[in-house]
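The values are calculated or read from the model by the stated rules, or taken from the named source; none is laboratory data. A quick note: this is a predicted structure, and the numbers were derived from the prediction, not measured. Cβ sites come from the backbone with ideal geometry, for glycine too, and all protein chains shown count toward neighbours.
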Amino acid sequence: MRPFWSGTITFGLVSVPVNLFPATRTTRTSLRMLGPDGEPLARRYYAEKTGKDLEAEEMVRGYEIDNGKFVTVSDEELERLAPEKTRDINLTRFVKEDAIPPVYFERGYFLTPAGNSEKAYRLLAEAMKERKDVGIATFVMRGKERVVAIFSDHGLLRAETMRFPDEVRSVKAVGLPEKKDVPAAVVRKFESLIKKKAKRTFSPEKDQQTVELLKLVKRKQSKASNVVELKDYRRDKEPEPVDLIQVLKRSLAGKR
Amino acid sequence: MAARAIWKGELKIGTQKLPVKLYSAVEDTSVRFHILDGSKRNRVKQRMVQPESGEEVETKDIRKGYEIEPGKFVILDDEELEKLKPAPTRDIEVSGFIPIKAIPQQFYERPYFLGPDGDQRDYFALARALENQQTEGIAHWVMRNKAYSGALGAQDGYLVLSTLRNAGQVIAADELPKPDGHAPTKKEIEMAKHLVSMLEGEFDPADYKDEYRERVLEFIAKKAKGHAPRLAAVKTKRTTTSLDSVLAKSIAALKKGKHAA
């Protein structure tokens, strides 16, 4: 698996070349679409008017400026529109770990050292840990500019992409009613409800729908008529499912 | 203009019930592109085909299967899949309360504002109680055939419900090995801490703007008028120097900058 992004984190004049991998993965078991004989189907793009299949290189990206009128934009143009500074993560601001409200966080990624940058990588992780700081910067990844917060997490650097302020709605924009003063007795009523149900720790939960799906699969697979098996099935036509943890471990050990 | 509620539900905490409306607290401002047929400039469509023959398989003939081994599928029919959907309910069941910051931020997925649907007194009282107790509720609800778990918190006096990722979705740093290679020296760490402290400040979201998006939209507007600007090719640069001399230079440069300001 190739990194999602490769680039350089800089703080001051120190640069840390890094690779970036997702820190979240989907657990929702996806079902395969099969044909009448149980053969896995493929999704194809086609031209609506001619019905002709289209290969990747026959398609372009278009921005709709008017109903049905498009301006096309190439990958190269998008890449060239990002000035050099925005292609790197340039940490010019550090804030305390708990200074960012959770509504801003979008998705987590791990950064792994690239090209003999272990020492500088460990230096940044250690300095941020001791200062209890996170670094904030903007950079461009996969055709989108992002604000990112870099955390020092168990000796690793973890990047959380964040929403821009115009992507976070205010109470006023949503149109919620003005805040009201409430009698202290009503607040106390809720406080005592909270205390009754107080717990100390958070324990993440399993995706119950997936658990149920797997139970159903288990029940059905004992009956042969529910199972289709393809004789000359070749895996090489499709990518292997990725084990993200293994990818990260290899990358942290400096291997590809 | 006020936003439209996307769902109505009822918070249930023990015997207390509180009708609420749910509003998205975020919006996606990404530039949206369509995929077009390169020569005809028409929108393209997608269809499912048999990979060998390229022949289309109509939706009614598509079967769904779960792959238990490579090339071996357990067929699940629509009726069975329908039964797996959680039973619809309006309840947002709050099962417990945990201290704020107890949930690692990696778990937060998508925030929603809750607004009062009727009684405002209980709504604002609950928000105040959550703030006073520095706590977040753990909530469960079903919305559009999908079961969610989430964190119920207060933000500036209003209730916010964030969906949470589930157990397997988040990879924790302590599951991973630490990078090896040379350890930085004490002196280098001290210098790096000094450098970091010089760059410390407040978090102000207004400092961050999606300039790239503006640049892309501007480019599109110019291209639409028929005069796309020429764009320079991308260059990459790499430099290597010793770490502590770089740290010393960085600190010196920052000090100079501060004096000049």
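When segment B:136-150 is examined, which residues are found to be touching a helix residue (DSSP H, G or I) at 6+ places or on another chain (Cβ under 8 Å) and either over 19 Å from A:PRO102 (Cβ atoms) or surrounded by fewer than 24 Cβ atoms within 10 Å (Cβ to Cβ) (or both)?
First, pick out the residues of segment B:136-150 that are touching a helix residue (DSSP H, G or I) at 6+ places or on another chain (Cβ under 8 Å): B:136-137, B:146-147.
Answer for segment B:136-150, where residues must be touching a helix residue (DSSP H, G or I) at 6+ places or on another chain (Cβ under 8 Å) and either over 19 Å from A:PRO102 (Cβ atoms) or surrounded by fewer than 24 Cβ atoms within 10 Å (Cβ to Cβ) (or both): B:LYS146, B:ALA147.
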Checklist entry - How many residues does segment B:167-217 hold that are within 24 Å of the chain's Cα centre (by Cα) and more than 24 Å from A:THR112 (Cα to Cα)? => result 16
Item to check | When residues of segment B:145-179 are limited to those that are among the aliphatic types (A, V, I, L, M), assigned to a loop (DSSP other than H, G, I, E, B) and at the interface with chain A (Cβ under 7 Å from one of its Cβ atoms), the one farthest from A:LEU176 (Cα to Cα) | outcome: B:LEU176
Checklist entry - What are the pairs, 6+ residues apart or on separate chains, where a residue within segment B:217-242 that is surrounded by 10 or more Cβ atoms within 10 Å (Cβ to Cβ) has its Cβ under 9 Å from a residue that is at pLDDT below 75 and not polar (S, T, N, Q)? => result B:VAL234/A:GLU84; B:VAL234/A:ARG87
Checklist entry - Would you call A:MET128 at the interface with chain B (Cβ under 8 Å from one of its Cβ atoms), touching a strand residue (DSSP E or B) at 6+ places or on another chain (Cβ under 9 Å) and either surrounded by fewer than 21 Cβ atoms within 10 Å (Cβ to Cβ) or of a type in the set (Ser, Thr, Tyr) (or both)? => result no
Item to check | The listed residue being more than 30 Å from B:ARG47 (Cβ to Cβ) and either touching a strand residue (DSSP E or B) at 6+ places or on another chain (Cβ under 7 Å) or assigned to a loop (DSSP other than H, G, I, E, B) (or both), out of A:PHE70, A:PHE21 | outcome: A:PHE21
Checklist entry - Within segment A:78-114, can you find the residues that are part of a helix (DSSP H, G or I) and modelled with pLDDT of 90 or more? => result A:ALA99, A:TYR104
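Go through segment A:201-232 and give me each residue that's among the hydroxyl-bearing types (Ser, Thr, Tyr), more than 7 Å from chain B (Cβ to nearest Cβ) and free of Cβ contacts under 8 Å to residues at least 12 places away in the same chain.
Keep residues of segment A:201-232 that are among the hydroxyl-bearing types (Ser, Thr, Tyr), which gives A:201, A:203, A:210, A:222, A:225.
Right, trim to more than 7 Å from chain B (Cβ to nearest Cβ) and you get A:203, A:210, A:222, A:225.
A:SER203, A:SER222, A:SER225, listed by residue number.
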Next on the checklist: Against the condition within 23 Å of B:ALA221 (Cα to Cα), among the hydrophobic types (A, V, I, L, M, F, W, C) and facing another protein chain (nearest Cβ under 7 Å), how does A:ILE65 come out, does it pass?
Outcome noted: yes
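Condition first: at the interface with chain A (Cβ under 7 Å from one of its Cβ atoms) and either assigned to a loop (DSSP other than H, G, I, E, B) or over 32 Å from the mean Cα position of the chain (by Cα) (or both). Now tell me which residues in segment B:1-16 satisfy that. Don't jump to the end; show me each part of the working.
From segment B:1-16, those at the interface with chain A (Cβ under 7 Å from one of its Cβ atoms) are B:2-3, B:13-14, B:16; that's our starting set.
Of everything in segment B:1-16, those that are at the interface with chain A (Cβ under 7 Å from one of its Cβ atoms) and either assigned to a loop (DSSP other than H, G, I, E, B) or over 32 Å from the mean Cα position of the chain (by Cα) (or both) turn out to be B:ALA2, B:ALA3, B:GLY14.
Are any of the residues in segment A:28-37 part of a loop (DSSP other than H, G, I, E, B) and hydroxyl-bearing (Ser, Thr, Tyr)?
yes
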Checklist outcome for this item: Restricting attention to segment B:17-65, the residues that are in contact (Cβ under 8 Å) with a residue 12 or more places away in the chain and not in a strand (DSSP E or B) number exactly 5
Item to check | Failed condition for A:THR10, given (1) crowded, with 17+ Cβ neighbours inside 10 Å; (2) hydroxyl-bearing (Ser, Thr, Tyr); (3) under 30 Å from B:GLU202 (Cβ atoms); (4) at the interface with chain B (Cβ under 7 Å from one of its Cβ atoms) | outcome: (4)
Item to check | Within segment A:144-224, helices (runs of 4 or more DSSP H) holding 1 or more residues that are of a type outside the set (A, V, I, L, M, F, W, C) and closer than 25 Å to B:GLN134 by Cα | outcome: A:171-174, A:184-196
Next on the checklist: Testing B:ALA129 on (1) without any contact (Cβ under 8 Å) to a residue 24 or more places away in the chain; (2) surrounded by fewer than 23 Cβ atoms within 10 Å (Cβ to Cβ), one condition comes back false. Which one is that?
Outcome noted: (2)
